[in-house]
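In what follows, a structure is listed as structure tokens, so that the remarks can point back to it.
The values are calculated or read from the model by the stated rules, or taken from the named source; none is laboratory data. All of these numbers come straight from a predicted model, not from anything done at the bench. Ideal geometry is used to build each Cβ from the backbone, glycine not excepted, and the neighbour counts take in all protein chains shown.
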Amino acid sequence: MSAPRTLIVAPAGKMGHEVQCVGVAERLGATPVIERVSLRPPWSWLAPHGPVPPHLRPLVATDADLVLASGRQAIPLARAIAARPAPRPFVAVLQAPRIDAAAFDLVWANTHDRISGPNVIQSVTSPNRLTAEGLAAAAEALSARLPDLPRPWVGVLVGGTSGSYRLDPPDADALGEALARFAARHGVSLVITPSRRTGEANIAALSAALRTTPHFLWRGEGDNPLMGIYGCADAFVVTCDSVNMIGEAAFTGKPILAWPLPGGRAKFRRFHEAMVAHGAMRWFDGTLPGAAYAPLDATGRVAEAVRAGLSQRGKPALTDGPAAP
């Protein structure tokens, strides 16, 4: 059977929401149509509880087999599509919708969001676009880019200041000093990528602390090596502020060391506790863990649930997308 005709509804400018939906669509073998919604007052004030804004009402009649929606601004449209009489699309919402989950056919949420229901599935990590094939290709490209960097490699993924955590130059310096000792102790090289939140002052502090350590620090020149790091590295050090980077690293089944930053919230603590309980993550203590664990593939879990729901309706959903590890 052919892949399901898929419509993705996600807030404009919120790539995290969109990427999760695209990852699920790709795992189903679908090439989605993406509708990036942008609501203005009063519609933005009313979402997710309010009605569909006039400029989005034509989309309620979509002839897609599957609608994947994520983000508060996408919920009114997704709810209206799900309220259509049969036959209508299968409507799946990714991330807690902030309204009754029963309004949709399927809801996925992180376990730390603490929502439940007969049509709700949960996972510790989030859906993403990672595939075994994609990481293998990225690893080959990064290896060719860094032919002189001694192996083994440890990937270092650095986040930054957010609504819950803080990263200042003294924190970055402390991370760099700890990484220098860690690399010397274990005879590893570091392959480091910052995020958009890291900031130039923190990157400079980290670079200065690692001046005598074998490493590669991406400073924005050329492609971001993040995918290649996932594919090449034997282990990861990840700042604790980024649920996405920790979750993506856990897709590989390789050990993760989390670096603590000042701040935090209860839902982050629940996430970290679940990652530790699974065996995917340990807090950085200068040692190099060697134990593997079952890779965490939230994308596959959501895709299988969507596939089952579509199959019950006789919709096409049997095409397999890219493989998990």
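For the range 280-303, a residue qualifies if it is of a type outside the set (A, V, I, L, M) and surrounded by 15 or more Cβ atoms within 10 Å (Cβ to Cβ), and the qualifying residues are 282, 284, 289, 293, 295, 297, 299, 300, 301.
Listed conditions (1) assigned to a loop (DSSP other than H, G, I, E, B); (2) hydroxyl-bearing (Ser, Thr, Tyr); (3) crowded, with 23+ Cβ neighbours inside 10 Å are all met by residue 230, apart from (1). Apart from one condition, residue 308 fits all of (1) part of a helix (DSSP H, G or I); (2) surrounded by 15 or more Cβ atoms within 10 Å (Cβ to Cβ); the exception is (2). Condition check for residue 299 on (1) under 18 Å from residue 234 (Cα atoms); (2) among the hydroxyl-bearing types (Ser, Thr, Tyr); (3) touching a residue at least 60 places away in the same chain (Cβ under 8 Å): one failure, at (1).
When residues in the range 120-133 are screened for being more than 15 Å from the chain's Cα centre (by Cα) and touching a residue at least 60 places away in the same chain (Cβ under 8 Å), 3 of them pass. For the range 313-320, the condition of being in a helix (DSSP H, G or I) and either at pLDDT below 95 or outside the structural domain of residue 26 (by TED's automatic domain parsing) (or both) holds for none of the residues.
Collect the residues in the range 123-162 that are of a type in the set (Asp, Glu) and over 27 Å from residue 184 (Cα atoms), keeping them in residue-number order.
Across the range 123-162, the qualifying residue is only 133.
So which pairs qualify, if the first residue must be in the range 36-63 and free of Cβ contacts under 8 Å to residues at least 12 places away in the same chain and within 17 Å of residue 11 (Cβ to Cβ), the second must be surrounded by fewer than 19 Cβ atoms within 10 Å (Cβ to Cβ) and among the aromatic types (Phe, Trp, Tyr), the Cβ gap must be under 9 Å, and the two must be at least 6 apart or on different chains? If the second residue must be surrounded by fewer than 19 Cβ atoms within 10 Å (Cβ to Cβ) and among the aromatic types (Phe, Trp, Tyr), no pairs are left.
Hey, can you tell me all the residues within the range 91-119 that are outside any loop (DSSP other than H, G, I, E, B), without any contact (Cβ under 8 Å) to a residue 60 or more places away in the chain and over 27 Å from residue 63 (Cβ atoms)? First the steps, then the outcome.
As a first pass, look at the range 91-119 and keep what is outside any loop (DSSP other than H, G, I, E, B): 91-94, 101-103, 106-113.
From what is left, the residues that are without any contact (Cβ under 8 Å) to a residue 60 or more places away in the chain are 91, 93, 101-103, 107, 109.
Of everything in the range 91-119, just one residue is outside any loop (DSSP other than H, G, I, E, B), without any contact (Cβ under 8 Å) to a residue 60 or more places away in the chain and over 27 Å from residue 63 (Cβ atoms), namely 109.
If you go through the range 170-219 and keep only what is surrounded by fewer than 16 Cβ atoms within 10 Å (Cβ to Cβ), at pLDDT below 95 and in contact with a strand residue (DSSP E or B) (Cβ under 9 Å, 6 or more places away or on another chain), you end up with just 219.
For the range 123-150, residues that are within 21 Å of residue 15 (Cα to Cα), of a type in the set (S, T, N, Q) and not in a loop (DSSP other than H, G, I, E, B) total 1.
Conditions tested, residue by residue: (1) at pLDDT below 95; (2) surrounded by fewer than 19 Cβ atoms within 10 Å (Cβ to Cβ); (3) within 22 Å of the chain's Cα centre (by Cα); (4) not small (Gly, Ala, Ser).
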{"position": "34", "(1), (2), (3), (4)": "no, yes, yes, yes"}
{"position": "75", "(1), (2), (3), (4)": "no, no, yes, yes"}
{"position": "79", "(1), (2), (3), (4)": "no, no, no, yes"}
{"position": "84", "(1), (2), (3), (4)": "no, yes, no, yes"}
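The C-beta contact set for the range 214-229 (first residue under 18 Å from residue 152 (Cβ atoms) and touching a residue at least 40 places away in the same chain (Cβ under 8 Å), second residue part of a helix (DSSP H, G or I) and of a type in the set (S, T, N, Q), distance under 8 angstrom, 6+ apart or interchain) comprises 228/143. Scanning the range 274-304 for residues that are of a type in the set (Ser, Thr, Tyr) and not in a helix (DSSP H, G or I), which turns out modelled with the highest pLDDT? The selected residue is 287. The set of residues from the range 266-275 being more than 17 Å from residue 298 (Cα to Cα) and in contact with a Phe, Trp or Tyr (Cβ under 9 Å, 6 or more places away or on another chain) comprises just one member, 268.
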